[in-house]
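Take a look at the structure below.
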Amino acid sequence: MSRFHSAVDIIRTKRDGGRLSDDQIDWVIDAYTRGEVAPEQMSALAMAIFLRGMDAGEISRWTAAMIASGEKLTLDVDRPTVDKHSTGGVGDKITLILAPLVAACGAAVPQLSGRGLGHTGGTLDKLEAIPGWSGDVPDLAAQLREVGAVVAAASDRLAPADRKLYALRDVTATVESIPLIASSIMSKKIASGPESLVLDVKVGSGAFMKTTEQARELARTMLAIGQAHGVATTAVLTDMSTPLGRTAGNAVEVAEAVEVLQGGGPQDVVELTLVLAREMLRLAGLDDVDPAAVLASGQAYEVWARMIRAQGGDPEAPLPRPKHVEVVTAEADGVLAEVDALAVGVAAWRLGAGRAAPGDAVQSAAGVKLLAVRGETVSAGQPIAELHTDTPELVPAAREAFLDGIRIAAEADVERPPLVLDVLR
Ligand code: URA
């Protein structure tokens, strides 16, 4: 790597619509990670990238440089490793079911997950509702060999450049850039060492990407990065205009995931889990295994119980219950034409299920339980949701957010987009 770069020249190149060389990218990411490039310079570069974009070669190199800023895991296991990443949604408890299910089908599933910020929940926050469970796993490969699945907190040593850059983007209005989002997600996933990866790219009000076109472009960009780095990748575009299943929050989502693992649960959660499981098994070379049969057999629940115990949790222990439950009723007769994902996510967050700033505590028992979902007929006064919290003062603001996302209409008015919008391979 040349030592004679200047951050100002690199910013100017991108500001004027030029292409960054491999050497410039390697230098600027490394120098920023070490504190040699100042945050104000990286902010200016992020904004130049936001406005001017990067081509496929630049994006791939940018991702490689972020991976090289930290350690890359080697997962020494005797089965194919396959991971899943969701770009984030409301009620998205799929990882809780999918990891043990795909492990029960014969693959190893390393799920390095994060905490929630804002209206989308975090997988670690949900699992921490289980008494005793911890996301700190000292030896991922050992748990993969013994159990087949692990859901753990991503170490600070994976792609530290991304951690630093993401915090900067968050406060400089440069999050919503496809090259920056794609390289951010893929650097962390590739550094965690799986052989293959399935991306669940969410589309709709509760997601980062509000339109199918934007989501498709993000998916294509991530697929190209996966390909360039030797990680077989598939992207599934899925609807996030309404929450997945009937719960959004922490303990309520764990309970719903367990229902699915025990053969019940909402149909949309089961459908999406099976679509993603089939893609993961295809990439792992296990496409002769039928995940629906494995789910029905109870083997996925057995792996779940072993996975929870391996991480200090008690899968049989009662989950935390809220100190206060507020019931919301329908204001008119008709069909629930809209149960908006963003509104439900914001309501769960305001009840205490999510955090406003990194490091805030979350309430395990907080969340929203939908008693009726989009497309169902309701009558005036019928309970349609429960708002769960330990802090009743939080209810009015949560109730307002929730009701903003509810629309009751005549049957003819109801639109039901398909759950799976596209699959890109
Ligand atoms: N999630 C990430 O990890 N990075 C982004 O840039 C956006 C979402």
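Worth a mention:
- CD proxy at 222 nm, helix term only [per DSSP H run n ≥ 4: -39500 (n - 2.57); per residue of the chain; nearest 500]: -12500 deg cm²/dmol
- For Ala296 and Arg416, a Förster radius of 35 Å and the Cβ-Cβ distance give a FRET efficiency of 0.85, rounded to the nearest 0.05.
- Cβ-based net charge around Gly148, under 10 Å, with every Lys or Arg adding one and every Asp or Glu removing one: +2
- Helix 22-33 axis, angle to the chain major axis (alpha carbon atoms, nearest 10°): 60 degrees
- Each Lys or Arg adds one and each Asp or Glu takes one away; over the other residues whose Cβ falls under 12 Å from the Cβ of Gln24, this sums to -2.
- For segment 237-353: rounded, prolate or oblate by the Cα gyration tensor [a/c cutoff 1.5]: oblate
- Equivalent ellipsoid semi-axes, the chain, via Cα gyration tensor eigenvalues times 5, rooted, Å: 36, 26, 20
- Modelled this way, with points 7 Å down the Cα-to-C-beta line, the labels at Asp9 and Arg145 are 4.9 nm from one another.
- Restricting segment 128-190 to GluC sites (Glu not before Pro) that sit in a DSSP loop and have at most 16 other Cβ atoms within 10 Å of their own Cβ leaves Glu176.
- Volume per residue of the convex hull around the Cα atoms, evaluated for segment 324-409, comes out as 79 Å³.
- Seen against the Cα atoms of the chain and their longest principal axis, helix 39-52 is set at about 80 degrees.
- Note on Lys72 and Leu371: with the Förster distance fixed at 56 Å, the Cβ-Cβ geometry gives a FRET efficiency of about 0.75.
- Its Cα centre serving as origin, segment 324-409 has a Cβ charge dipole (Lys and Arg +1, Asp and Glu -1) of approximately 180 debye.
- Once the Cβ-Cβ distance of Arg309 and Leu424 is raised to the sixth power relative to R0 = 30 Å, the FRET efficiency obtained is 0.20.
- Euclidean distance between Cα centres, segment 171-231 to segment 377-399, Å: 34 Å
We did not get these values from a lab; they are worked out from the coordinates using the rules stated. Remember, predicted model here, so these are calculated numbers, not experimental data. Neighbour counts run over all protein chains shown; Cβ positions are idealised from the backbone, glycine included.
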